[in-house]
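See structure below.
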Amino acid sequence: MKTILNNNMNEIIIKNSKFITLLYKINNVNDVDNILNKVKFEYKDATHYCYSYIIDNIYKSSDDGEPGGTAGMPILGVLKNNDLNYVLAIVVRYFGGIKLGAGGLVRAYTKSVTETLKNSKIVTLNDGYNLIIEFDYDRLKEIDYILRDSIINNKIFDNKIKYDIDITKDTYNKLVNNKDFKILKETDKKIPY
């Protein structure tokens with residue numbers, strides 16, 4: 001299973017229609033509506049906002065007014081064929097005055113997403129955890145050393161230090177053997193490595 005490392009965008013023109021593909025790395029279904037609303041605001045004069053997303057075993061696609069099965073499903077097909085997860089693909093279309101037909105639309109939406117993926121960094125997802133840990137200042141160097149290859153989302157320096165981290169199972173095992181910290185929150189998560 002894979003995901004994109006960063007959000008990405010690409011634009012192609014097919015028979016005067018402009019197709020703008022926007023790829024987003026997402027964590028949950030709630031992200032979809034927020035991103036979709038922002039895209040609709042930014043590209044407010046577009047004709048269609050077709051999209052697909054995959055989060056674990058949850059996936060959805062929308063043709064947004066295009067003929068049934070000509071936009072959302074082809075977008076979803078590209079995501080599935082590339083074994084992607086935690087990804088939202090939105091293709092914004094500005095109609096150029098020439099009808100493409102059902103087959104032409106399928107090819108256009110497929111090509112638009114495929115081209116954008118070619119320019120995207122794709123990483124493998126592994127089982128891991130999101131943790132919030134708390135520890136004393138005298139443990140900072142030791143904890144930082146253990147977490148050197150981990151994703152530190154947030155650091156708070158107060159009476160004690162709190163880290164919000166995404167870590168692999170291997171790093172988790174090294175960390176729990178340490179015992180010089182307290183886990184405030186623990187959630188299973190797919191980690192890109």
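Read the figures in this text as sums done on the coordinates, not as results from a lab. Keep in mind it's a predicted model, so treat the numbers as computed, not measured. Glycine gets a Cβ as well: all are built from the backbone with ideal geometry, and neighbour counts include every protein chain shown.
Using θ = phi - 60° in the Karplus curve 6.51 cos²θ - 1.76 cosθ + 1.60, the 3J(HN,Hα) couplings for the range 9-18 round to 9, 8, 10, 10, 10, 10, 6, 6, 8, 9 Hz; x is entered for Gly and Pro.
When the Gaussian network model of the chain links Cα atoms closer than 10 Å, the mean-square fluctuations of Tyr145, Tyr86, Tyr53 top out at Tyr145. Roughly what percent of Cα-Cα pairs across the range 126-192 reach past 13 Å? Taking all Cα-Cα pairs of the range 126-192, the fraction more than 13 Å apart is 60 percent.
Each stretch of four or more DSSP H residues adds -39500 (n - 2.57); spread over every residue of the chain, this sum gives -9000 deg cm²/dmol at 222 nm. Within straight-line reach of Lys189, meaning a Cα separation under 18 Å, sit the following lysines at least 8 residues removed in sequence or on another chain: Lys2, Lys25, Lys169, Lys174. When only Cα pairs below 8 angstrom with a gap of at least 6 residues are kept, the range 2-120 shows a relative contact order of 37 percent. Distance between Cα centroids, the range 23-40 to the range 44-99: provide it in whole Å. What the calculation gives is 13 Å, centre to centre.
Averaging over all projection directions, the Cα-based convex hull of the range 32-112 occupies 5.3 nm² in the image plane.
Computing volume of the Cα convex hull per residue in Å³ for the structure here picks out one of [x] 119; [y] 141; [z] 129, namely [x].
Magnitude of the charge dipole for the chain, about its Cα centre and with charges confined to Cβ atoms of Lys, Arg (+1) and Asp, Glu (-1), is about 560 debye. Relative to the current alpha-carbon distance between Ile152 and Val176, full extension at 0.36 nm per residue lengthens the span by 7.0 nm.
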